[in-house]
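The values are calculated or read from the model by the stated rules, or taken from the named source; none is laboratory data. Computed from a prediction, not measured in an experiment: that's the story for all the values here. Neighbour counts run over all protein chains shown; Cβ positions are idealised from the backbone, glycine included. For accessibility, only protein heavy atoms count, side chains too; no ligands or nucleic acids. Shrake-Rupley method; radii C 1.70, N 1.55, O 1.52, S 1.80 Å.
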Amino acid sequence: MLLWTRRDCFPMTHQIEVVVGSAEKQAWFRRSLLAWYERHRRDLPWRGERDPYRVWVSEVMLQQTRVAAVIEYYRKFLQQFPDVRSLAAARLPKVLAAWSGLGYYRRARMMHAAAREIVKARRGVFPQTAEDWHALPGIGRYTSAAIASIALGEPVAVVDGNVERVLERLQGRPLSGAEAWQAAGSLLSKKRPGDFNQAMMELGATVCLPRQPNCGECPVRAGCATRGVLPASQQVARRKAEIAYGLNCRNGSVLLVRRPANASLMAGMWELPELSREAVAAHGNGSLSLRHSITVTDYSVRVVREAAPANAGGQWVARKRLETLPLTGLTRKILRAAKII
Ligand code: SF4
C-alpha cells in the first residue's frame, strides 16, 4: 500500500527512498535539480570556469568561508598569481598577505606547497584525476573531487557541509560520513558531474538553509522526507570570549608583533600586541570595540590606543607596508576600523 503525504506528488515510499531509490527516481532527482540550477544559479566569478588552477583557487577559498567574502579575494588573488607557476614562484609571506583577512591560513600555505610540487615534481602539469589531486599537500577528498568533476568532468561526487545537510533531509535522518558520500555518489549525474555537484552545493547554500530551509522554492521537495529541519539536528554551541589589543602609532608607523613560526594557529602572521586584563584596566575602557568570530568562538574585542605593555616586543611597521604584510584577519579589521589602512 502506498502512503501519500498531506501535500502532494510522490507516494511516501518514494519520498524516503529517493536517495537510494530506483534509477527512475534518481533520474527524476537529477533532472529536477539540474533544471533548477540552470535557472537559479548565482552569477559568480568562478561559474563556468574549467581551468583547473582557477577551480582549485575558488574551491579552496570557499571552504568554510562565505561566498560574499570570497569574491573580491578570488579576483585579486588571480590578478596577483594568475597561474600555478606564478604562485609557486612567490614567497610564502606574499601569498599569506594576499590571503590576509580570509582566515584559515593553512589553506594558503598548503596551496603554495602544492603549487610548488606541481611545478617541480610534475613540470607544471596538473593531475588528471581526483585520486592524483588528493595526493597533493592539503587537498582532501572534497577538494580533489570538486576540481576533478568541475574542471575535468570526472564522475565523482562531493560532500561538503551543504551537501551533507541536503542529503540528510532528503533521507530523513542523520547520515554517517560514509553514508553521505555513498548517497551523493548514487545520485550524481555521470553526464554532468561538475554541474550536478555545484547544483547540490547551491541548493544547500541558497534554499536548503541550515535554520530555515525554503522548502516552497525547492526543486526536489517532492522527493524529500523531511521538508524542514531534522529534529535531531543540533546547532554547534558557540563560545563567547573577550580579548584586548594595544594600538600604538608613532611617526607614521604601527607597532605589530609576529606570531611564532611554530604557533598552531596563524603561524608567522602579524598582529597587534595583545593586552592583559591588568593593562586594559590600567588604561580604562577601550577606545574602540568590535566583534569578531573565529570558528565557534565569538570575540568581544577591545582596542586601547597607546597601551602596549613595555615588554611586548614587536616592530614598528610603516603604514604603507601594512598592505603587503600577512596580517591576521582581526588585525586587518581593527586597522580598517581605526582608519589606518
Ligand atoms: S524540501 Fe526543504 S528540507 Fe527538503 S531538500 Fe528541499 S529545502 Fe531541503
Lysines whose Cα lies under 28 Å from that of residue 25, excluding same-chain neighbours fewer than 8 positions away
190, 191
If contacts are Cα pairs under 8 angstrom and at least 6 residues apart, what is the relative contact order of segment 13-115 in percent?
19
Projecting the Cα atoms of 158, 177, 210 onto the charge dipole of the chain, where Lys and Arg contribute +1 and Asp and Glu -1 at Cβ, the residue farthest towards the positive end is 210
What is the projected area of the convex hull of the Cα atoms of segment 198-279, averaged over all directions, in nm²?
10.9
Once you mark the trypsin sites (Lys or Arg not before Pro) that are in a DSSP loop and have at most 13 other Cβ atoms within 10 Å, what is the longest gap between them in the chain?
239-338
Quick one: which of 240/320; 76/320; 76/339; 94/240 span more than 26 angstrom between C-alpha atoms?
240/320; 94/240
Can you tell me what share of the DSSP beta bridges in the chain is antiparallel? A percent to the nearest 5 is fine.
65
Integer Hz, Karplus 6.51/-1.76/1.60 couplings in order for segment 245-261, x for Gly and Pro
10, x, 10, 10, 10, 7, 6, x, 10, 10, 7, 10, 10, 9, 5, x, 5
Relative contact order of segment 115-244, pairs being alpha-carbon contacts under 8 Å that are 6 or more residues apart, as %:
22
Checking the cross-link filter: which aspartates and glutamates have an alpha carbon closer than 18 Å to that of residue 120, excluding same-chain neighbours under 8 positions apart?
83, 132
Please list 295, 331, 226 in order of solvent-accessible area, largest first, computed with a 1.4 Å probe with all protein chains present.
295, 226, 331
Positive-end residue, the chain charge dipole about Cα centroid, Cβ charges, pick of 35, 280, 127:
280
If each residue of separation counts as 0.36 nm, what is the full-extension length gain between residue 89 and residue 71 once their alpha-carbon separation is subtracted?
4.1 nm
Cα lying deepest toward the dipole's positive end in the chain, options 252, 293, 64, charges on Cβ
252
Surrounding charge for residue 296, neighbours by C-beta under 11 angstrom, Lys/Arg +1, Asp/Glu -1, total +2
Quick one: compute the contact order of the chain, relative version, from alpha carbon pairs under 8 angstrom and 6+ residues apart, as a percent.
18
Considering the chain as a Gaussian network with a 10 Å cut-off on Cα pairs, which listed residue, 298, 132, 43, attains the greatest mean-square fluctuation?
43
Using alpha carbons only, how many angstrom separate the centre of segment 83-151 from the centre of segment 171-232?
28
What is the local net charge at residue 129, summed over the other residues whose Cβ is closer than 14 Å to its Cβ (Lys, Arg +1; Asp, Glu -1)?
-1
For the chain, which whole-number percentage of the solvent-accessible area (1.4 Å probe, protein heavy atoms only) is attributable to carbon and sulfur atoms?
51
accessible surface per residue for the chain, probe 1.4 Å, DNA/RNA/ligands not counted, whole Å² -> 52
